[in-house]
Amino acid sequence: MSNTAATKKVNIRTLTCTAILGALAFALMFLDFSVPFAPSFLQMDISDLPALIAAFALGPIPGAMVCVIKNLLHLSITSTVGVGEVSNCLLGCAFVLPAGWIYRKLQNRKGALIGSLVGAVCMAVCAFPINLFLVYPMYINVAGFPLEAIMGMYKAIFLFANVDELWQALLICNVPFTFIKGMLVTIITFAVYKKISPVLKGR
């Protein structure tokens, strides 16, 4: 087989696997659930699982494309005028891009662990400015959710904490919530990746 034919075969496999994982990630978005330390509009889910698997098996860019695909599909049933999808996509990319890049440099279990930890930290750190300067202003000005109602839901969770400003709520709730989400996806990835990766890589 020529190099051109081999490259074409790899590209087709990568595109096909990325599309399939994107569809799977979209399906996993429906398996969300509430947690007691966050308002009900913050739902925990593992839809970044296929994206992290793609980032490890196919590369960071396919991993990010899985995030894009799942949110484009979810736009058809959005209840947030696309705001939730923007947030999910940006934070997902902040997770899988550094994780996939580090794993490409260090392709072993240690590299996967370091990449996942760095990705989870990046996603948690990015959750603060992305929500404060982009997502929540869009919720308020585009989707029409009153800031008072949003803050009321945070205050109902943190009855004994001084949460009067949006930035405080994001720092106390959204940042750790996002990190925990990343670690949950990491744990499941480590449990299933060894069995799935040969199929994705065509081995």
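Can you give the helix-only mean residue ellipticity at 222 nm for the chain, where every DSSP H stretch with n ≥ 4 adds -39500 (n - 2.57) and the sum goes over all residues, rounded to the nearest 500 deg cm²/dmol?
On the way: 9 runs with 143 residues, N = 203.
Value at 222 nm, helices only: -23500 deg cm²/dmol.
Spin-label model, residue 108/residue 13: points 7 Å from Cα along the beta carbon direction are separated by 2.4 nm. Between 0 and 90 degrees, rounded to the nearest ten: what's the tilt of helix 147-157 against the longest Cα principal axis of the chain? Taking Cα atoms only, the helix is inclined about 80 degrees.
Between residue 31 and residue 184, the modelled labels are 1.1 nm apart [label points 7 Å from Cα along Cα→Cβ]. Between 0 and 90 degrees, the angle of helix 3-28 with respect to the longest Cα principal axis of the chain falls at about 30 degrees.
Cross-linked pairs 70/195; 181/201; 105/194; 110/195; 70/181: Cα-Cα separations exceed 20 Å for 70/195; 181/201.
Bear in mind these aren't lab numbers, they're just calculated from the coordinates by the rules spelled out. All of these numbers come straight from a predicted model, not from anything done at the bench. Reconstructed Cβ throughout: ideal geometry from the backbone, glycine too, with neighbour counts over all protein chains shown.
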